[in-house]
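Worksheet: the structure to be examined is printed underneath.
The values are calculated or read from the model by the stated rules, or taken from the named source; none is laboratory data. For clarity, every value in this text was computed on a predicted model and none was experimentally measured. Please note: Cβ atoms are built from the backbone with ideal geometry, for glycine as well, and neighbour counts cover all protein chains shown. For the accessible areas, the whole protein counts, side chains as well, though only heavy atoms, and no ligand, DNA or RNA atoms are used. Shrake-Rupley method; radii C 1.70, N 1.55, O 1.52, S 1.80 Å.
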Amino acid sequence: MIFRLDYRRYRQPLRTALRTAHGVLAERRGVLVRLEDGTGAAGYGEAAVLPWFGTESADEAAEACAALGGQVGADALAAIPERLRCLRFALQAAAERNGPAPARNHLPVAALLPAGRQALEKIGPLAEAGFRTFKWKVGAGDMGSELGLLDDVCAALPAGAKLRLDANGAWSRRQAERWLERGAERPVEFVEQPVAADARGAEDLLRGLAADFPTPIALDESLAGDADVARWLGNGWPGVFVVKPSLLGDAVAVLERLAAAKAKVVFSSALETAAGARAALRLAFRWAGESDSTASPRARALGFGVWPLFKDARLDGPAAAPFLRVEDVEKINVEAAWNALS
Ligand code: MG
């Protein structure tokens, strides 16, 4: 099949600058792609690049689109080099016409709590709205006061709720051990990336922590691409895999491998616009892996509570809500995002 390829580079301000472990993010850059087939049907995708996760830059993705030209065949799409993994994901999504049926009708979404004491006042209203999984940023301030707040945060949670602690690699081994000890008797679903992915001996350290403590550990920054997922799967990682589909070159194949290994997977946003949001969420709804087992009937909450994100609301994915339904995903107005960038 020959497609007509169009692409639009974007550089868009966020509503509020995000403080991340990698600095302050005030604007988002990326590339939207559109593939139209011979019947006039169009599909969209997004290279939601995050260079600090080791992806290509928006410039590199756009240059590769320019090099492909206006007419591309499936062979040219398959030949995009692996280092342009966000673009590979974008083109895979845009070329898809009839994907597999979703495995679920709805999925819970995790609520994002701000770092520090500010989290406390947010929990009540979010619980009232129906959220039951909460993600708290830790490792952002003084460790003693954060640890001291943990019980207050847990006490503020509604009954049956789960707490995710995301350290973004901020801790040393000793610090990680103290949090993992505390997590054990508390409703902590997992501790995400307790130590930095690029710390010396990080892989052995993470495996050691996973073996020594009952609190599950989730890998996020350690999974910077298809090869990392394959390596941790090969090592028999017992914890959770935080999967950002937008950062995987061949997300479909990676997810098949994870499902076959019965891996614990949490789907997460890479701060996409609506185009990337729909592609990534479709994959999350197709996931029929580990969380469907009778041992763990409750689906893991999606890490997609990031919208509204952009100053231009036409670019946003579905607004954070306690649940997303499959029809919410199909209703995402990708054309409006595309047109907003014209
Ligand atoms: Mg994370």
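Taking the solvent-accessible surface of protein heavy atoms with a 1.4 Å probe, what is the per residue accessible area of the stretch 106-340 in Å²?
On the way: 9300 Å² over 235 residues.
For the stretch 106-340, the per-residue accessible area is 40 Å².
Tell me the mean residue ellipticity at 222 nm calculated for the chain from its helices only (DSSP H runs of n ≥ 4, each -39500 (n - 2.57), averaged over every residue, nearest 500).
Working: 12 runs with 119 residues, N = 342.
Roughly -10000 deg cm²/dmol at 222 nm, from the helical runs in the chain.
Calculate the translational D of the chain in whole µm² s⁻¹ from Stokes-Einstein, where the hydrodynamic radius comes from the Kirkwood formula applied to all Cα pairs, the temperature is 20 °C and the viscosity 1.002 mPa s.
Working: Rh = 20.5 Å.
Reported coefficient: 104 µm²/s.
Run the numbers for Ala42 and Asp6: contour at 0.36 nm per residue of separation, minus the present Cα-Cα distance, in nm. The partial results should precede the final answer.
On the way: separation 36, 0.36 × 36 = 12.96 nm, distance 1.03 nm.
Difference between extended and current length: 11.9 nm.
Within the accessible area of the stretch 106-340, what % is carbon and sulfur when the probe is 1.4 Å and the other protein chains stay in place? Mind showing how you got there, number by number?
Numbers: 4770 of 9300 Å².
Exposed carbon and sulfur together represent 51 percent of the surface.
With springs connecting C-alpha atoms under 10 Å apart, model the chain as a Gaussian network and identify which of Phe89, Phe285, Phe213 has the largest mean-square fluctuation.
Comparing Phe89, Phe285, Phe213 in a Gaussian network model of the chain, the most mobile one is Phe213.
Just grab the label-to-label distance for Ala230 and Arg97, each label 7 Å out from Cα along the Cβ direction, in nm (one decimal).
Label at Ala230, label at Arg97, 3.0 nm between them.
Take the alpha-carbon positions of the stretch 2-95, form their convex hull, and give its projected area averaged over all directions (one quarter of the hull surface) in nm². Numbers along the way, then the final one.
Numbers: hull surface 24.4 nm².
For the stretch 2-95, averaging the hull's shadow over all directions gives 6.1 nm².
Could you state the accessible area per residue of the stretch 16-102 in Å², with a 1.4 Å probe and every protein chain left in place? The partial results should precede the final answer.
On the way: 3960 Å² over 87 residues.
Here the per-residue accessible area is 46 Å².
In nm, to one decimal, how far is the modelled label at Lys262 from the one at Leu18, with both set 7 Å along Cα→Cβ?
About 3.4 nm, to one decimal.
Using the Karplus curve 6.51 cos²θ - 1.76 cosθ + 1.60 with θ = phi - 60°, work out ³J(HN,Hα) for each residue of the stretch 196-206 in order, rounded to whole Hz, and write x for Gly and Pro.
Those phi angles translate into 5, 5, 9, 5, 5, x, 4, 5, 5, 4, 5 Hz.
State to the nearest 20 debye the size of the charge dipole of the chain about its Cα centre, where the only charges are +1 on K and R beta carbons and -1 on D and E beta carbons. Can you show the working numbers first?
Details: 42 positive and 43 negative charges, 89 e Å.
That gives a dipole near 420 debye.
With springs connecting C-alpha atoms under 10 Å apart, model the chain as a Gaussian network and identify which of Ala161, Ala224, Ala301 has the largest mean-square fluctuation.
Ala161
Counting pairs of alpha carbon atoms under 8 Å apart in space and at least six apart in sequence, what relative contact order in percent does the stretch 106-340 give? Don't skip to the end; give the middle numbers.
Working: 416 pairs, mean separation 46.9, N = 235.
Dividing the mean separation by the residue count of the stretch 106-340 yields 20 percent.
So if each residue of separation counts as 0.36 nm, and I subtract the Cα-Cα distance between Ala319 and Glu177, what length gain in nm does that give? It would help to have the intermediate numbers written out before the result.
Working: separation 142, 0.36 × 142 = 51.12 nm, distance 3.54 nm.
Length difference between fully extended and current span is 47.6 nm.
How much of the accessible area of the stretch 2-95, probe 1.4 Å, is carbon plus sulfur, in whole percent?
Numbers: 2100 of 4310 Å².
Using a 1.4 Å probe with all protein chains present, the stretch 2-95 comes out at 49 percent carbon and sulfur.
If I stretch the segment between Ala129 and Glu27 completely, what's the gain in nm (0.36 nm per residue apart, minus their alpha carbon distance), one decimal? Could the numbers behind the result be given before it?
Numbers: separation 102, 0.36 × 102 = 36.72 nm, distance 2.88 nm.
Separation in residues times 0.36 nm, less the Cα-Cα distance, equals 33.8 nm.
Based on the mean of other Cβ atoms within 10 Å per residue, sort peptides 98-105, 149-156, 123-130, 190-197 so the most packed one is first. Spell out each step's value before the answer.
Values: 98-105: 12.6, 149-156: 16.2, 123-130: 14.8, 190-197: 24.4.
Ranking the peptides 98-105, 149-156, 123-130, 190-197 by packing returns 190-197, 149-156, 123-130, 98-105.
Just how many pairs of Lys in the chain have C-alpha atoms closer than 18 Å, counting pairs that are eight or more places apart or on different chains?
Final tally of qualifying lysine pairs is 11.
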